Amino acid sequence: MKKPFAVAAAALLAAGVSSVVFGVLTALTAASQSVADALTFMPKVGPLSGQGLSAAIVFLGSWKLLALALRGKELSERRVLVATWVMVGVGVVLTFPPVYQSF
Amino acid sequence: MYNTSMELSNRETWAIVHGVVFGTLFLFGFSGLFSGLWGFRAAVLTPEGITSRAGKLTMGAWVMAAIAWFAVFSGTWMIFPWYMETGGVARELLADPARSSWQTFGMEWKMHIAWFAPILATAVAICISHFREELAERDSMRRTLAWMLAAAFVCAGIAGLLGALITRVEPVR
């Protein structure tokens, strides 16, 4: 019997979600000093400390939540992969300096 | 007979650990894991070979993910504060219009793109761990994971290249 795809889907989608979150936080940091201050978990590192930690926590948290939510469900492998790549792409674009520095 | 010109400061040592040790291990490890994933096919492997390689792929994937996290954490929480401090590299680069782009573009991109490497590598490791031997029969998933690993490699490679170039322009001391 084949292993369920849901576990892998959760990990892949979690990577996508955390990529988007990281990208959005980067753009928001550039756009708003209050967001930058809120994400400054360590003053010597600046807002990157909050951006990075948030991305890591979102990755782990969303992986666990998605694994529970998707358990037993029939999933289209293609749709999961497309969604993952799109989200990672959005995150990468949002963290490209000319993009987020324009906010 | 010998002077101290080859001694490295504490900061230079950690910069080398971050970039040369962790970074190089990740980039070199990629080639082995990518080729291992790409060739992990039931059509060309015996059942014993699949079992043996599944274990190696799983271990290799997790080692790569761990190295990527160590590289990013050491860079963010150890090297970056030295880079950003008053009188540090960032201030020196920003004060010189001819070199400010190394900070406003180079370091800004490096410190963000690097974070995608451990996230993608960890997702790959989770999937390899989950499927193990079954991955040899799941061609689509296997190729996807290989390309995701390649994406992690590209992100790490961009960060590594920018770090090396910035260090050449103005090293952390």
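Averaged per residue, the protein assembly as shown has 49 square angstrom of accessible surface, using a 1.4 angstrom probe with ligands and nucleic acids left out.
Seen against the Cα atoms of chain A and their longest principal axis, helix A:6-31 is set at about 10 degrees. Taking the 1.4 Å solvent-accessible surface of the stretch B:1-90 as the whole, the part contributed by carbon and sulfur is 70%. When the Cα positions of B:Gly160, B:Thr104, B:Leu120 are compared along the charge dipole of the protein assembly as shown, B:Leu120 comes out farthest toward the positive end, with charges on each C-beta of Lys, Arg, Asp and Glu.
Of all the options A:Ala11, A:Ala38, A:Ala27, the one that moves most in a Gaussian network model of chain A with Cα springs shorter than 10 angstrom is A:Ala38. What separates the Cα centres of the stretch A:36-102 and the stretch B:134-173 is a distance of 17 Å. For chain B, the dipole from Cβ point charges (+1 on Lys and Arg, -1 on Asp and Glu) about the Cα centre works out to 240 debye, to the nearest 20.
Spatially close Lys pairs in chain A, defined by Cα atoms under 22 Å apart and a spacing of eight or more places or different chains, total 5. Of B:Ser52, A:Ser54, the order by accessible heavy-atom surface (1.4 Å probe, DNA, RNA and ligands excluded), from most exposed downward, is B:Ser52, A:Ser54. For the protein assembly as shown, a crude dipole built from +1 on the beta carbon of Lys and Arg and -1 on the beta carbon of Asp and Glu, taken about the Cα centre, is about 700 debye to the nearest 20. Measuring with a 1.4 angstrom probe and ignoring ligands and nucleic acids, B:Ile79 comes out at about 20 Å² accessible. Each Lys or Arg adds one and each Asp or Glu takes one away; over the other residues whose Cβ falls under 15 Å from the Cβ of B:Ala136, this sums to +4.
Charged neighbours of A:Thr95, selected by a Cβ distance under 12 Å, balance to 0 (K, R count +1; D, E count -1). Of B:Phe28, B:Phe131, the order by accessible heavy-atom surface (1.4 Å probe, DNA, RNA and ligands excluded), from most exposed downward, is B:Phe28, B:Phe131. Counting Lys and Arg as +1 and Asp and Glu as -1 over every other residue whose Cβ lies under 13 Å from the Cβ of B:Gly32, the net charge comes to +2. Ranking B:Thr167, B:Thr58 from most to least accessible surface, computed with a 1.4 Å probe over the protein chains only, gives B:Thr167, B:Thr58. Hey, if you drop one equal point scatterer on each alpha-carbon of chain A and run the Debye formula without solvent, what base-10 log of I(q)/I(0) do you get at q = 0.12, 0.23 Å⁻¹? Normalising to I(0) and taking log10 leaves -0.45, -1.10.
The values are calculated or read from the model by the stated rules, or taken from the named source; none is laboratory data. All figures in this text were calculated on a predicted structure; none of them were measured in a lab. Note: ideal-geometry Cβ built from the backbone for every residue, glycine included; neighbour counts use all protein chains shown. Note: areas computed on protein heavy atoms with side chains; ligands, DNA, RNA excluded. Shrake-Rupley method; radii C 1.70, N 1.55, O 1.52, S 1.80 Å.
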